[in-house]
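Quick notes on the structure that follows.
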Amino acid sequence: MNLPSRYTGSELVAQPVSALALQLGSENDGDRLDLRRLLSLIRRQLLVIATTIAICLLLAFLITQNTQRRYTADADILLQPKIDVITPGPSDTDNDLPRGSEQVETEIQFIQSDDLASKVYDQLDLARETAFTAQTLQTASLASRLGLATQATPVVSASAQRKAGIGLLARSVAVKRIGNSYALRLSVTNADPVLAAKIANGYATIYSGNQVAAKVSASQDAVGILRQRMEELRRQAQIDFGAVQQYRISNNLQSKSGTSLTEQEISAYNQQVTVARAEATHDAARLALARSGKGLGDATTSAVVNSLRSQRAALSIRVAELSERYLPQHPELVFAKQQLADLDSQITVEVSRAVTNLQANAEASAARLASLQTSLGGATSKLDMNNRALINLDDLERRAAASQALYESYLNRFKEVVAKSGAEQANSRLLSAASVPAQPSSPNFALNMALGLVLGVLLGTAGAVAVEGAYAGFTTGEDVERRLLVRCAGSVPLLESIDPHAGSPMETIELYPGGAFTESIRSVLAAIRQSTNSRNQVIAVTSAMPDEGKTTVAACLARTAAMAHERVAIIDCDVVRRNLSLTYGAVPGLPGLGLIFRGSVKFDAVPPSDALGGATLFAITEPFEEGARLLEQGKLNRIIAQLRSQFDLIILDCAPVLPIAETRDIVALADNAIVVTRWRYTTDRIVRAALKKLPLQALGDLGVVLNRVDLRKKLRFGDGDPEIFAKSYANYYPKSEQ
């Protein structure tokens with residue numbers, strides 16, 4: 001039979017297409033956060049999130065209402081930056097430096113310590129405070145904390161009560177630094193506002209008083225330590241000073257000028273030795289000259305020698321004159337020569353006497369030089385001994401000076417500490433006293449409700465994600481294609497979710513042939529005909545499980561095609577339930593499949609069904625025998641083969657795949673098959689199990705149809721299907737068509 005191309009499939013859509021190609025039209029940006037999907041998830045699970053938030057807010061409200069009211073009193077303390085020191089060191093003005101952060105933290109830890117808490121507990125006599133005692137007893141009694149106490153007031157020992165009270169007091173105190181200043185805010189939290197203010201002020205007062213007491217105790221300890229140390233240093237200074245004096249006496253160092261005198265003496269000796277050495281050399285030279293006979297040197301300058309030499313010269317002249325006049329034997333000449341010889345003898349005697357004097361002078365000069373050199377050596381040895389002694393003396397003097405200086409420093413510090421005793425001041429003062437709080441600090445209603453809201457949002461979101469992750473049904477066609485790798489042929493909306501609509505699907509198609517519901521059926525039919533199969537004349541409609549709405553979908557497909565003036569045949573292939581036959585024309589006596597199978601009537605004797613808009617219904621008018629099936633002896637095969645030549649579209653309303661095995665073989669007779677799945681009801685495991693049983697190799701195409709889709713809810717379920725835009729084009733459809 002020659003059919004239009006839309007029934008046989010176009011050449012374009014007949015090309016092989018893989019299952020993965022079904023996802024080409026979907027968004028798959030795995031490298032970014034899709035806010036639309038996130039908002040869609042929130043919209044889908046809005047009830048879970050809202051319920052969780054409501055529960056958390058209710059719990060926060062109940063906890064707030066049932067939590068004991070507690071009050072916080074604040075007292076501000078200013079830390080004085082001055083630090084007193086006990087041991088000798090810089091003056092007090094050098095200590096007027098700002099406290100470091102570690103010192104401030106140390107003070108904070110001391111205020112929060114059990115030691116200060118015990119002093120506050122005793123001085124405020126909190127053991128007699130009824131309100132505080134009741135809190136202490138609750139803390140001290142384990143049975144009371146666990147709710148197991150059998151007495152109204154648990155009995156505990158005084159020591160245990162005091163220990164519990166100190167612990168409770170320490171835990172109720174909080175101290176923090178105010179900004180970067182040297183001020184501390186001391187906060188005390190208690191169920192009694194008056195008691196909270198009393199404890200806060202008591203803490204501040206006792207903390208300052210404790211500083212004064214600590215200073216007094218430190219001063220007393222310092223006085224004792226300094227007095228003992230001073231006595232030790234005084235004795236040591238005396239010992240060191242005595243050692244210096246004893247060393248001076250032992251080494252004949254009565255004064256430090258001893259070395260200077262010795263040095264002056266050595267200097268004088270050096271000068272005298274130089275002079276004596278020059279004189280000795282001079283005298284020795286004169287003596288040597290005189291002894292050599294080359295001259296008498298200074299001896300010729302004596303008056304006697306000079307006079308004798310003058311007489312000899314005159315006499316020598318006379319002898320010369322007489323020698324010229326007289327003979328040598330002349331008495332006068334002989335006498336003159338005798339006188340000349342006498343003068344020479346006298347001169348020789350005088351010269352000899354002068355040499356003797358020179359020798360005596362030379363010996364005296366040499367003796368004097370030796371004496372001076374001996375004295376110089378003694379002075380030098382003495383100077384060496386003094387210098388060596390001065391080295392040890394200097395060390396002893398330094399020790400003595402150090403002992404004396406240390407003793408004097410401790411003495412001065414002792415005087416300062418004694419002078420300050422009785423004038424100690426605290427290193428802190430109260431800036432502002434704590435007042436009785438008018439409003440409770442806890443529970444904080446706004447904070448608790450905010451925390452409840454935040455917790456509810458977090459838990460609700462986590463629950464929504466968990467529910468969404470655990471959900472295995474199908475919401476969009478994208479879900480179908482992603483999980484099953486099978487094409488989604490479309491979706492059929494729930495009647496109540498669209499306008500206009502009538503009481504049943506068939507009435508809606510009849511009354512509103514141009515409405516949204518009818519268009520959704522046409523969309524499914526168009527998707528089937530745009531399959532990859534060149535033949536899409538026989539369409540099998542089935543489902544994985546019963547109650548999926550497959551019969552309604554099959555009937556709607558038949559009626560919609562019939563309204564387009566196509567020759568449509570629809571066969572009820574469910575011999576177990578026969579829903580199609582019972583709903584749309586199983587009238588006893590009319591020709592049915594049973595009569596056709598037995599050959600009693602021809603299939604062309606079956607009249608068109610008015611309920612199906614003129615489509616021919618091959619109904620099961622009479623129940624088959626138990627265990628009988630349509631495919632016995634190839635009867636259904638022959639009917640379908642005959643119907644192909646008479647009808648444009650043949651729809652097989654098959655039984656569910658999982659409970660009825662025959663459905664698999666019936667589906668194999670079709671050109672195309674659709675599996676109807678109830679929207680957000682049937683899980684992917686069920687549909688996947690059904691698809692595994694279908695003869696996919698015998699089908700040209702297979703699609704899944706989502707049935708009973710609530711379009712009002714689907715608007716909250718993401719953008720996987722075009723139906724989310726239904727609201728935008730809802731006004732396009734006519735409101736009423738008769």
Inset, instruction - Inspect segment 549-558 for any residue being within 60 Å of the chain's Cα centre (by Cα) and open to solvent by 20 Å² or more (accessible area, probe 1.4 Å) and give the result as yes or no. - result: yes
Inset, instruction - Determine whether Glu519 is in contact with a Phe, Trp or Tyr (Cβ under 9 Å, 6 or more places away or on another chain), charged (D, E, K, R), in contact (Cβ under 8 Å) with a residue 60 or more places away in the chain and crowded, with 21+ Cβ neighbours inside 10 Å. - result: no
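Identify, from the list Met563, Met545, the residue that is in contact (Cβ under 8 Å) with a residue 40 or more places away in the chain and within 60 Å of the chain's Cα centre (by Cα).
Working: Met563 fails: within 60 Å of the chain's Cα centre (by Cα).
The match here is Met545.
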Legend entry - Residue count, segment 470-485 (criterion: modelled with pLDDT under 85, outside any helix (DSSP H, G or I) and either open to solvent by 20 Å² or more (accessible area, probe 1.4 Å) or aromatic (Phe, Trp, Tyr) (or both)): 2
Inset, instruction - Kindly indicate whether Glu566 is under 30 Å from Gln646 (Cα atoms) and out of contact with any Asp or Glu (no Cβ under 7 Å at 6 or more places or on another chain). - result: no
Legend entry - segment 691-714, subset in contact (Cβ under 8 Å) with a residue 24 or more places away in the chain and assigned to a helix (DSSP H, G or I), residue surrounded by the most Cβ atoms within 10 Å (Cβ to Cβ): Lys714
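Among the residues of segment 264-272, are any in a loop (DSSP other than H, G, I, E, B), modelled with pLDDT under 75, surrounded by fewer than 17 Cβ atoms within 10 Å (Cβ to Cβ) and not charged (D, E, K, R)?
So far as segment 264-272 goes, no, none of its residues is in a loop (DSSP other than H, G, I, E, B), modelled with pLDDT under 75, surrounded by fewer than 17 Cβ atoms within 10 Å (Cβ to Cβ) and not charged (D, E, K, R).
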Legend entry - Scan of segment 417-469 for residues that are in contact with a Leu (Cβ under 8 Å, 6 or more places away or on another chain), over 30 Å from Gln80 (Cα atoms) and either open to solvent by less than 70 Å² (accessible area, probe 1.4 Å) or not in a helix (DSSP H, G or I) (or both), ordered by number: Met449, Gly452, Gly456, Ala464, Glu468
Inset, instruction - State yes or no: is Arg413 charged (D, E, K, R), surrounded by fewer than 19 Cβ atoms within 10 Å (Cβ to Cβ) and modelled with pLDDT under 90? - result: no
Legend entry - Tally, over segment 188-205, of residues that are surrounded by 19 or more Cβ atoms within 10 Å (Cβ to Cβ) and either of a type in the set (Gly, Ala, Ser) or farther than 14 Å from Thr72 by Cβ (or both): 5
Legend entry - Hits in segment 491-516 (condition: under 17 Å from Ile674 (Cβ atoms) and open to solvent by less than 20 Å² (accessible area, probe 1.4 Å)): Ser491, Val492, Pro493
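The values are calculated or read from the model by the stated rules, or taken from the named source; none is laboratory data. Remember, predicted model here, so these are calculated numbers, not experimental data. FYI the Cβ positions are ideal-geometry reconstructions off the backbone, even for glycines, and counts take in every protein chain you see. Calculation scope for accessible area: heavy atoms of the full protein, side chains included, ligands and nucleic acids excluded. Shrake-Rupley method; radii C 1.70, N 1.55, O 1.52, S 1.80 Å.
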